[in-house]
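Accompanying notes for the structure given below.
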Amino acid sequence: MCADTFGVGIRVTETELRVVVGVPSDIDAGWTDPEAFQSLVAEAVWERLDRQATLEAVAARYDTGETASLGSVTLEPNGTVVNADLERVAEADARDGSKE
């Protein structure tokens, strides 16, 4: 089994905020259910970042059609989190991408 790294962000639509998962083109064959790894990635994110604060900050800082990048999560096909490189989105973050 080989671990894969998934990019993760929050996409702002007119009606909701959606967790979006970037899938590597050379994903391990052990991933047979796309919804399963997307759920595992989202679960790993919310175990590490405050969900309410993150969603509120994204809603305050990003416009419809934009995606706030949260970083990446590396998972094995069995669901084991190998690494998580995530950054919180603060309401005070500048729109130009600089961090506090």
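The values are calculated or read from the model by the stated rules, or taken from the named source; none is laboratory data. Just so it is clear, the model here is predicted, and its values are computed rather than measured. Cβ sites come from the backbone with ideal geometry, for glycine too, and all protein chains shown count toward neighbours.
A compact table of results
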item	result
For Ala44: the one exception among (1) farther than 16 Å from Asn83 by Cα; (2) of a type in the set (A, V, I, L, M, F, W, C); (3) assigned to a helix (DSSP H, G or I)	(1)
Residues being modelled with pLDDT of 95 or more and surrounded by 15 or more Cβ atoms within 10 Å (Cβ to Cβ) - total across the stretch 82-91	2
Filter pass, Ala84 being in a helix (DSSP H, G or I), of a type in the set (Gly, Ala, Ser) and in contact with a strand residue (DSSP E or B) (Cβ under 6 Å, 6 or more places away or on another chain)	no
Whichever residue in the stretch 64-81 is modelled with pLDDT of 95 or more and part of a loop (DSSP other than H, G, I, E, B) and, among such residues, is farthest from Ala3 (Cα to Cα)	Thr64
Looking only at the stretch 15-25, and only at residues there that are modelled with pLDDT of 95 or more and in a loop (DSSP other than H, G, I, E, B), the one that is nearest to Gly79 (Cα to Cα)	Glu16
Residue ID - nearest to the chain's Cα centre (by Cα), chosen from residues in the stretch 26-41 that are part of a helix (DSSP H, G or I) and surrounded by fewer than 15 Cβ atoms within 10 Å (Cβ to Cβ)	Ser39
Residue within the stretch 52-60 that is in contact with a helix residue (DSSP H, G or I) (Cβ under 9 Å, 6 or more places away or on another chain) and either assigned to a helix (DSSP H, G or I) or not hydroxyl-bearing (Ser, Thr, Tyr) (or both) present	yes
Counted residues, the stretch 59-87 - those being of a type outside the set (Ser, Thr, Tyr) and within 12 Å of the chain's Cα centre (by Cα)	8
Residues satisfying the stated conditions in the stretch 42-66, i.e. among the hydroxyl-bearing types (Ser, Thr, Tyr) and surrounded by fewer than 16 Cβ atoms within 10 Å (Cβ to Cβ)	Thr64
